[in-house]
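Structure record follows, encoded as structure tokens.
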Amino acid sequence: MRVSKILSASLIAMMVLVGCGDTAGEEDDLGNGGLNIGEPNQDQNQNQNQNQNQNQNQNQDLPTDEPVVLGTYVHQYNEGPRTFELVRVPRDDGEFAYLMWTPPRPEERPGPMMVVAQAYDGIDWTLEEVDERWAELPPGSHPDVDGPDYDPGTSANINFAPTPMGEIADGGNLWLLNGMGVAFVFGRFYAGDGIDGFVRSMTASMEFLGDREEVNPDRMGTFGLSWGGFMAVYGAAYAPDNVGPVTTAALFPPVDFEVFHHYMTEGIEEIFSGFPLQVARAAFDPFIRRVNAGLGQLDGEGFSGYRADDVCDRLGAPMLVLHDEWDTLVPFGPVWDFADECDHVEGVWYLQEEELDAQTSGLNHGPILQEPGFATAITFAAAFLVEQLNPDREGRVLIYAEEAMTGFLEMLRRLDGDGEPIDWAARRLLELTGDGLLLVEVTTFEFYNGPEALVDPINEAWGLELEVDEVIPWLEGWL
């Protein structure tokens, strides 16, 4: 018989905002504005001129060779207020990284730190002209005027939306509930960095955090989705010397930019034609230009430093990648190969029963985040990070949806029936059964230990009648 308790609805509402990465860009288009191509509007040009002098004056007295706290933000969580510092950190290329962070609670210090990559979010507190100018624009599609090699006659638009600090802070709640600090690193896609700049923003921010006495530099993790997933993966690979090997969970991340560049420029012609191909070309244009701008800027010439082998060679801690084979934005195959060939990397795979019809499905990451209630990919990613970074903490808590978990297990039964290995899934499901770990069902607000949470989905999906104490041995039988 299950032992359950009721968790307050207000806490669940806060917990559901798990820090899934970016909130500004549309999830299914990598934050890009699609087919729109256009001239910079007059408002952009006028705002650029007006803001330039103002920001130059504000920046005159700030040191450029050390971190600067530009302000603070207090966010009211269910368990009490937390103060975030808004920090500017110098990068090794002369530019700056920007992060918003709060440390672990005093009783947890020095404690683990979760670094969440926010690739697209619009922020307005940097004192840089580019951020204030973009922040004055309405949400939507805008010319990529600050992007590399921008041509007003041919370059595609990007999507942009300023993101309220409260919305960003809500995304850190799960990490805070699990005894960690959280830092959001802003890629500021609209500001026009090449891909090396996104990596430098991650590593500069991690170096800053590693020097803080509140942080245990040997227990640092990175997390992100899509372009934010790339930031998380490469942030771990190129982590600064003052932090230990960095644990990572990333959903559908580009990991090999030579392969990804070929897909964006040529591979799309193999799965799209006609108008869908035009849409794909426009969608990828801002990303192609940012990849091109970063080549030779990180570690050697051309794509050196940006290949999957380069990442693998630099890893020193476990990494989890999660991907749907119907993804038409970030191709599935290279991520599968990355996990298969790199000892530090494991995968969670969403393998579909039917062949993909890209012409009909269009550009998206597949149905990986469309499961009912709460996506299992987020549950597995969070479990991996929490269990790697803070496994001994009592009262660790995760979120899951029973219906989504049942659907995932039904997929595993199909794969098993087809003779496909499912040991990779057993490791993730067993991770949910750790001592002291509680799983909150998002629709009923009840919480369970791992075997209690899994027994009904397993029985329904596999047609079994397991008891709770039989769940772990049954899962171990898959290994």
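Points to keep in mind about this one:
- Taking only alpha carbon atoms, the stretch 179-322 gives an Rg to Rh ratio of 1.01, where Rh is the Kirkwood radius.
- The angle between the Cα long axis of helix 402-417 and the longest principal axis of the Cα atoms of the chain comes to about 80 degrees, rounded to the nearest 10.
- 3J(HN,Hα) from dihedral phi, the stretch 221-231, Karplus parametrisation 6.51/-1.76/1.60, rounded to Hz, x for glycine, proline: x, 10, 8, x, 10, 6, 4, x, x, 4, 4
- Prolate/oblate/rounded label for the stretch 252-405 (Cα gyration tensor, a/c 1.5): oblate
- Among GLY296, THR248, LEU127 - extreme Cα towards positive end, dipole of the chain, charges at beta-carbon: LEU127
- Seen from a random direction on average, the alpha-carbon convex hull of the stretch 238-322 projects onto 6.5 square nanometres.
- Sequence-ordered 3J(HN,Hα) estimates for the stretch 317-331 from the Karplus curve with 6.51, -1.76 and 1.60 and θ = phi - 60° stand at 9, x, 9, 10, 10, 10, 8, 9, 5, 8, 5, 9, 8, 10, x Hz, glycine and proline given as x.
- Globularity index of the chain is 0.96 (Cα radius of gyration / 2.2 N^0.38 Å, N = number of residues).
- Panel note: the C-alpha atoms of the stretch 364-435, placed on their principal axes, show extents of 39, 26, 22 Å (largest first).
- Taking label points 7 Å from Cα along the Cα-to-Cβ direction, ASP65 and ASP218 give a separation of 3.3 nm.
- 0 to 90° range, to nearest 10: angle between helix 42-59 axis and the chain longest Cα axis: 90
- Debye, to nearest 20: dipole size of the chain, +1 on Lys, Arg Cβ, -1 on Asp, Glu Cβ: 1200
- Spatial extent of the stretch 89-186: Rg and Dmax, with the Cα atoms as the point set, Å: 16.4, 57
- Kirkwood hydrodynamic radius of the stretch 354-479, from the reciprocal of the average inverse Cα-Cα distance over all distinct pairs: 15.4 Å.
- Once the 1.4 Å probe is applied to the protein heavy atoms, the stretch 382-479 comes out at 41 Å² accessible per residue.
- In the chain, the DSSP beta bridges split such that about 50 percent are antiparallel, to the nearest 5.
- 3J(HN,Hα) from dihedral phi, the stretch 297-302, Karplus parametrisation 6.51/-1.76/1.60, rounded to Hz, x for glycine, proline: 9, 10, 7, x, 9, x
- Helix 450-462 and the longest principal axis of the C-alpha atoms of the chain enclose an angle of approximately 80°.
- Loop-located GluC sites (Glu not before Pro) in the stretch 229-280 whose Cβ has at most 15 other Cβ within 10 Å (DSSP): GLU266
- What the Cβ-Cβ distance of LEU466 and VAL74 gives, at R0 = 56 Å and to the nearest 0.05, is a FRET efficiency of 0.75.
The values are calculated or read from the model by the stated rules, or taken from the named source; none is laboratory data. Predicted model only: the values in this text are computed from it and were never measured. No Cβ is skipped: glycine too gets one built from the backbone with ideal geometry, and neighbour counts run over all protein chains shown. In case anyone asks, the SASA skips ligands and DNA or RNA and just uses the protein heavy atoms, side chains included. Shrake-Rupley method; radii C 1.70, N 1.55, O 1.52, S 1.80 Å.
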